[in-house]
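Visitor: The structure that follows is given in the form of structure tokens.
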Amino acid sequence: MRTVTSTTAMVEPPEEIVVRSHRISCDGVGGALGHPRVYMEMGDEHFVECPYCDRKFVLATEHVGSDESEQLAPGVYEGAGGH
């Protein structure tokens, strides 16, 4: 009988950031450790994922919570003008 063991490492889930705008941008953690700034629009969805760092941006609702966490997440910019 052959025993198979999994060597797959546990991967942390992507960071989830609550925002109040359908339009956001992300540059990772900024500086040399980040990625090019990308601008994303949620459209009809209530979330969008960054194609570089997989951060998930969730629109604040009564179900998700109304506290915005973008102040805690470096490299995240909300709205048309950013910061």
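Visitor: What is the gain in length, in nm to one decimal, between SER21 and GLU45 on full extension, counting 0.36 nm per residue of separation less the C-alpha to C-alpha distance? Please report the intermediate quantities before stating the final value.
Guide: Details: separation 24, 0.36 × 24 = 8.64 nm, distance 1.17 nm.
Stretched fully, the SER21-GLU45 segment lengthens by 7.5 nm.
Visitor: So if each residue of separation counts as 0.36 nm, and I subtract the Cα-Cα distance between ASP54 and VAL38, what length gain in nm does that give? Could you put the intermediate results ahead of the total?
Guide: Values: separation 16, 0.36 × 16 = 5.76 nm, distance 1.20 nm.
Value of the extension gain: 4.6 nm.
Visitor: If I model a spin label at MET10 and THR61 as a point 7 Å from the Cα along the Cα→Cβ vector, what separation in nanometres do I get?
Guide: A separation of 3.0 nm, rounded to one decimal place.
Visitor: Could I ask something else about it? Just add up the charged neighbours of CYS26: K/R +1, D/E -1, any other residue whose Cβ is under 9 Å from the Cβ of CYS26. Don't skip to the end; give the middle numbers.
Guide: Numbers: positive: ARG37, ARG55; negative: ASP27.
Result for the local shell: +1.
Visitor: Another question about this same structure. How would VAL11, VAL58 line up from fewest to most surrounding beta-carbon atoms within 10 angstrom? Don't jump to the answer; show the numbers that get you there.
Guide: Values: VAL11 6, VAL58 19.
Lowest to highest Cβ neighbour count: VAL11, VAL58.
Visitor: Net charge near ASP54, counting Lys/Arg +1 and Asp/Glu -1 over other residues with Cβ under 12 Å of its Cβ? Don't jump to the answer; show the numbers that get you there.
Guide: On the way: positive: ARG55, LYS56; negative: GLU12, GLU15, GLU16, GLU49.
Neighbour charge sum, excluding ASP54 itself: -2.
Values in this text are rule-based calculations from the coordinates and carry no lab data. Every value quoted in this text rests on a predicted model; they were computed, and no experiment measured them. For neighbour counting, all protein chains shown are included, and Cβ atoms are generated from backbone atoms with ideal geometry for every residue, glycine included.
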